[in-house]
Each structure stands twice: as structure tokens, then as C-alpha cells.
1. If I ask for residues that are part of a loop (DSSP other than H, G, I, E, B) and surrounded by 21 or more Cβ atoms within 10 Å (Cβ to Cβ), which ones from segment 245-277 would you list?
2. From the list R84, R136, pick out the single residue that is basic (K, R) and touching a residue at least 60 places away in the same chain (Cβ under 8 Å).
3. Looking at T48, T90, T37, T79, can you tell me which residue is free of Cβ contacts under 8 Å to residues at least 12 places away in the same chain and among the hydroxyl-bearing types (S, T, Y)?
4. Got a number for residues in segment 149-184 being farther than 26 Å from L243 by Cα and part of a loop (DSSP other than H, G, I, E, B)?
5. All but one of (1) of a type in the set (D, E); (2) in contact (Cβ under 8 Å) with a residue 60 or more places away in the chain; (3) in the same structural domain as V9 (by TED's automatic domain parsing) hold for D96, so report the exception by its number.
6. Out of (1) surrounded by 22 or more Cβ atoms within 10 Å (Cβ to Cβ); (2) free of Cβ contacts under 8 Å to residues at least 40 places away in the same chain; (3) out of contact with any Phe, Trp or Tyr (no Cβ under 8 Å at 6 or more places or on another chain), what's the single condition that is false for T104?
7. Given the criterion charged (D, E, K, R) and out of contact with any Phe, Trp or Tyr (no Cβ under 8 Å at 6 or more places or on another chain), identify the matching residue among K238, K259.
8. Could you figure out which of (1) of a type in the set (A, V, I, L, M); (2) within 12 Å of the ligand (Cβ to nearest atom); (3) part of a helix (DSSP H, G or I); (4) touching a helix residue (DSSP H, G or I) at 6+ places or on another chain (Cβ under 7 Å) isn't true of I128?
Amino acid sequence: MIILDRYAVFGDPIGHSKSPKIHQLFAEQTGQSLQYTAERVPAAQFATAANTFFTEGGKGLNCTIPLKELAWHYADHKTPRAQRSGAVNTLALQADGSVLGDNTDGIGLVTDLIHNHGITLKERSILILGAGGASRGIIEPILEQSPQRLVIANRTVDKAVELAQVFGHLGPISGCGFDDLLTQQFDLIINATSTSLSGELPPLPENLLAKNGYCYDLAYSNQSTTFVRWGLANNALKSLDGLGMLVEQAAAAFYIWRKVTPATQSVITLMNSQRGL
Ligand code: ATR
């Protein structure tokens, strides 16, 4: 009997996860034999479930809401980018039995923006809405692209200011509240709040998006998200949701586990066609 290398995504809720399908497509495409499942794991059971998974021979885990910060604490050691982001979405069993934690969300976003959509970040004025875990994971890879400025706007202003302080040594970043956006304009606006899927939106002033600007919602859904619709209504050149980022972060995790880089475009096209947007 062939025993396949086992991988899984843990989260709660997890029912809608597209990750098993994405990794199955990567495995077929690269000729890798592996099994990837989605498992509902509430936060209180995370450490036990992860211990059991690795003890029973599991090779790697993805962790999603609400487990990324717990996974950060769980990892025996972390990559520098994961260390700074405070969140881990990929755990990988190492040859010595230890578990490495990484965060591929930020690189997934930047790859989707630059390579899949041709959106340059260099010297652009960029706004991130929200200052929670999702924002934390994307700040460093964005600053690496040398934007003209990166502004974090949040309902709780202190959290935005604090994040700007944490990453201040990496580039031109500042934090503010939504009221402070009134007279400003940005080339790219990224929604990293948790509002979109609940149909809400932060209070955004008119003219916030520069002419020929772009909008990107980290969330994705089978319907257009509220923020994607806001972008379209505000004449964004492109108003995108996070499906491309999801596939790209999965590809980066696949590489960490298998040391093989899968092609992503065909997978994004297929996943898009299946949701019929
Ligand atoms: P995640 O890990 O997904 O980022 P989180 O850490 O709970 O989740 O952060 C959620 C983010 O969405 C926060 O920036 C939150 O703003 P606060 O820090 O002020 O709570 C933001 N958010 C949630 N609901 C919001 C709403 N109705 N309007 C504006 N921002 C909202």
C-alpha cells in the first residue's frame, strides 16, 4: 500500500475552503503524490490537533482564521517574515522533527498584484484599510516594493499607529483613522478589514481612489464583495478580490513543503470559472 504524504488546512469555519482543490490541482500538475484535506479545528483545540497531526506522520499544515496567531506561537521556529508578521499560515515538518512556521500571505498578494495583474507598487501611493492580523501579514512585502508611501487606516486609530511604528524601519509607513483620509488620494487601496463578507464597508470618502487606481479586497467570495463593488463604483481600473492571492499563497506553501513551484495561472482561471463571477 502506498502511504501518501499528508497535508491539511485547519480553520474554523472551514467548510467553504478552496485549499484542498487548489493543492490537488498543484499535485496533479507537478506529478506529486500527496493528500490534502480541510479540517474544522476550533482555536481551543488547535495545539492538540496539530500535535496529533504531526505525530501521526502529517508533513504540513495551512492555518486560517482564527488560527494564524496560535500557529505563530505553535511553531518551533519561524522565518524572519513570519516572525515579524505575528501570524503563521504555513507549518512545515522539518527533517529533525521540529516544525517551521512561515507566512506566505503577503508574498501571495504581491505576486497576484504584480505578476498576474501588472499592477506596479514602486513609487505608488498605497492605502491599507484595517490594522488586524490580515494587515500585519502584507505590510512587509508591500514595503519591499518601494512604494512612495503606505498608509494604514483603521477604525481604532491606535492600532494603525502602532502597526506603523512596528514596521517603520522598513519604509515610508504611517497610521491614521478613516476621518484623516478626507483630502487624500491613493493609487491602490487594499481592504484588509473583516467587513466585506458581512456586507459592510468602512466609511470611505469620495475621490479617495486616484484616476486609473486599483482596488484589492483580501477577502473572496462566490459573489462580488462589498469592497470590490465600491472599487467598481469609484472607477477603479481593476477591482479585484483575494482569489488570486489565495492561489499564490498556496503555491508558496506548496513550494515550502515540496520544493517544487506549481504554475498558478491555470488554477486561478479554473477556480474563477467555477464561481461564475
Ligand atoms: P484579521 O485577522 O482578519 O485582520 P482582526 O484582527 O479581527 O481580523 O481585524 C479585523 C479588522 O477589521 C480590524 O482592523 C477592525 O477594526 P478595529 O481594529 O477598529 O476593530 C476592522 N473592522 C471590523 N469591522 C469593522 C467595521 N464595521 N468598520 C471598520 N472596520 C472594521
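The values are calculated or read from the model by the stated rules, or taken from the named source; none is laboratory data. Fair warning: this is a prediction, and the values are worked out from it, not measured in the lab. A quick note on method: Cβ atoms are made from the backbone with ideal geometry, for glycine too, and the neighbour counts reach across all protein chains shown. To get the accessible areas, we keep the full protein, side chains included, count just its heavy atoms, and leave off ligands, DNA and RNA. Shrake-Rupley method; radii C 1.70, N 1.55, O 1.52, S 1.80 Å.
1. Across segment 245-277, the qualifying residues are P262, T264.
2. That would be R84, the only listed residue that is basic (K, R) and touching a residue at least 60 places away in the same chain (Cβ under 8 Å).
3. Every option except T48 fails the conditions.
4. Number satisfying all stated conditions: 7.
5. (2)
6. (2)
7. K259
8. Against the list (1) of a type in the set (A, V, I, L, M); (2) within 12 Å of the ligand (Cβ to nearest atom); (3) part of a helix (DSSP H, G or I); (4) touching a helix residue (DSSP H, G or I) at 6+ places or on another chain (Cβ under 7 Å), I128 comes up short only on (3).
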